Structures are given as C-alpha cells and as structure tokens.
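Worksheet: one structure, shown below.
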Amino acid sequence: MDEVVGFIGLGTMGLPMVRNLSAAGVQVLAYDANPQAMQDAAGLAGVRCAAHPREVAEASAILITCLPNNDAVDAVFRGEEGVLQGAREGLITCDFSTVSPDFTQALHSQLQARGVAHFEAPMLGSKPQSEAGEVFFILAGGEEAQAGRLKPLLDIVGRMHMYVGPPGTGNKIKLMHNALGAVNYCAVAESLAVCAANGVDLNTYYEVVCSGGGMAYSNYFERKVPTIIKGDYSPRFRLALALKDINMARAVAAQAGVPVPVMEEARQTLEEAVADGYGDEDASAVTHVIEKRMGRKISQD
C-alpha cells in the first residue's frame, strides 16, 4: 500500500509487527517512548521514526497503537504532543492495546468528534504469534464498512480478525477471554501440584491430558506445562499484565452486576504472585504461589 502507516508502541508485540510490515513493503512512521526501541525500528527498511505522537498522526493515513495499559494509551492520545493534537478528519486509528471498555468508548467518542474513525482491536496471542504474524484481532468500533481499509494491514500482522460490534465490545470480549485464561493458569498449577504430591509423573499426566481427548485439554496446558515442569518462566505474556487484565475483567463484571467468585479467587492468586515478585515472569509463574502453598516445587529442574 502507498499510504503511510503510523505505529506507536514498539514493545514485545509492537516491534515484531513493524518488522512484518517492513518486510511486506509498508511505509511506516513509528514512535515509542523508549529510545532503544526507536533505534531498533529505524534500522528496518521503509521505517522512519517520529519525534512525538502528534507527528505520527499528522503524517499517517492509518495509525496503529500497541501499548500496555490505559495510562499509556491516554498519554499517547491526550498528552502533550499527542495524537489528538495532530488528528485530522479522515484519519483511521486502530488500538491493539487491551484497555478498559469505558476508556475505549470515551476515546472513540472524542476521536469521532474530530472526524477520525477509531477502532479497537485487542489481540489474542503473545510474542511468538506477533513474530510469526499469527495474532488474532478482536475488531470493534468504527463502522464495519470502514474496517476494509484495515484489512490489508491486519492480514500482514495477524492470521485472522473478526469484527464484533460497537466500541467497547472488543475489549469486553478480550477481558473475559483473559480472565478465563487466568482461571486456567491457577487450575493447571493446582492439578500439577496434586499430581506431584501423589507421586504421579508429570510428563505422564501431560500426555494423558493432551492425547486422551478429555475436556481438561487447553492450548495453555499443552504449551505451558512442559515449561512449568522445567521451571522455565521466561515471559511470553507477563504475569503483571495478566493481573491488569483480570482486574479490569472484574470491573466489567461488577458493572453488569454478575458475581464471579471463581474469577475472584484466580485474581487473588495472581495478585499474590505479583506481590511475591513474579510480575515480570510469564503468567504461568502463578505456579509459584501454588508451590508456596504446598510447600515444595512442582518443577523437575
């Protein structure tokens, strides 16, 4: 495509996406608050770096943001030299960040008033999917017909996307998805702990769950149990971000008046793991809390 694509947020997920856009011949104007990330992006073919988000908004036809939380998105859009200062009628913005539904609805309204079509597209996947261009995007907001202009870009950085409805819907779905995942993190760790305490070989347990065709199987179980057994908690999706998401999911549930005791138990366990210093490890590091409660390691390292 001939249009300049803006990309703000060159972290764990964002920089691999910019690499994929560069490899596909897309002209990218990038920005990140981290100078090293900017330097890494500037070395890619067809990628230039901007001095601030306003410059990205002024020069781009489509602007993508990929940031860790509400505060970071707010600073990029509403801060000094922010996107809103450079946004003009006809610009399309698409936020890959996972943020609260109320926040994204308010941002959508503010941008719409300026003639900007704003989409949210929170992602399913972590670093390996970002590197491979296999992220799944939950697309919402804007007008579904306008989403066609995003499709060529989404096809480069992701394996699939789905339009799910009006502003806020994408993040509501993403937060419930991640809360369900967090419950799974805790349940898997507990099941491994009981097996280990009873002398069951964890690799045998793994083979039964993954190959037996029963209802306990999950992608998380298949991908993470081998690394848990090895005691490898190298971050793919950081535990601190998992806690951030389940906290927002709890708020969405409370607004709807739905009691979520199972979610709350998982949230407290993640909170304990972060308090114990594991926030920068993989989300599967919630296993450390289960190990602490049982008084022994699960890993066989």
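Return the whole-Å distance between the Cα centroid of the stretch 136-174 and the Cα centroid of the stretch 42-95.
18
For LYS244, list the lysines whose Cα falls under 21 Å from its own Cα; do not include residues on the same chain fewer than 8 positions away.
Those lysines meeting the cut-off are LYS127, LYS172, LYS174, LYS224.
Which of ARG19, ARG223, ARG250 ends up with the largest GNM mean-square fluctuation for the chain, with Cα atoms connected below 10 Å?
Per the Cα network of the chain with a 10 Å cutoff, ARG223 tops the list.
Order ASP245, ASP2, most accessible first, counting only protein heavy atoms with a 1.4 angstrom probe.
Heavy-atom accessible area, descending, gives ASP2, ASP245.
Any idea of the accessible area per residue across the stretch 167-273, 1.4 Å probe, to the nearest Å²?
49
Just want to confirm a number: the relative contact order over the chain, from Cα pairs under 8 angstrom separated by 6+ residues, in percent.
Reported as a whole number, the value is 13 percent.
With the other protein chains left in place, how much accessible area per residue, in square angstrom, belongs to the stretch 1-69 at a 1.4 angstrom probe?
Accessible area per residue, the stretch 1-69: 39 Å².
Under a cut-off of 12 Å between alpha-carbon atoms, report the aspartates and glutamates in cross-link reach of LYS292, not counting same-chain residues fewer than 8 places apart.
Straight-distance partners of LYS292: GLU190, GLU272, ASP276.
Compute the FRET efficiency between LEU180 and ARG293 as 1/(1 + (r/R0)^6), taking r as their Cβ-Cβ distance and R0 = 22 Å, and round to the nearest 0.05.
0.50
Averaged over all directions, how much area does the convex hull of the C-alpha atoms of the stretch 1-135 cover when projected, in nm²?
Its average projected convex-hull area is 7.2 nm².
Taking amide H positions as placed 1.01 Å from N in the peptide plane, with prolines and chain starts having none, which residues 5 or more places from THR65, or on another chain, fall under 5 Å of its amide H?
So THR65 has HN proximity to ILE8, CYS94, ASP95, PHE96.
Hey, any idea what % of the chain's accessible area is carbon plus sulfur with a 1.4 Å probe?
That fraction is 52 percent.
What's the Kirkwood radius of the stretch 11-75 in Å, using all Cα pairs?
It is 12.1 Å.
Restricting to Cα atoms and excluding each atom paired with itself, what does the Kirkwood estimate give for the chain in Å?
Roughly 20.2 Å, rounded to one decimal.
Given the rule -39500 (n - 2.57) for each run of at least 4 DSSP H residues, summed and divided by the residues of the chain, what is its mean residue ellipticity at 222 nm, to the nearest 500 deg cm²/dmol?
Taken over the chain, the calculation gives -15500 deg cm²/dmol.
Give the percent of DSSP beta bridges with both residues in the chain that are antiparallel, rounded to the nearest 5.
15
Share of Cα-Cα pairs in the stretch 91-194 beyond 17 Å, in percent?
55
Can you run the Rg to Rh ratio on the stretch 122-171? Use alpha carbon positions and the Kirkwood inverse-distance Rh.
Result for the stretch 122-171 is an Rg/Rh of 0.98.
Taking only protein heavy atoms and a 1.4 Å probe, what accessible area per residue, in Å², does the stretch 73-141 have with all protein chains in place?
34
The values are calculated or read from the model by the stated rules, or taken from the named source; none is laboratory data. In this text, all values refer to a predicted model and were calculated from it rather than measured experimentally. Here Cβ is always computed from backbone atoms with ideal geometry, including for glycine, and neighbour counts include all displayed protein chains. What goes into the accessible areas is simple: the full protein's heavy atoms, side chains included, and nothing from ligands, DNA or RNA. Shrake-Rupley method; radii C 1.70, N 1.55, O 1.52, S 1.80 Å.
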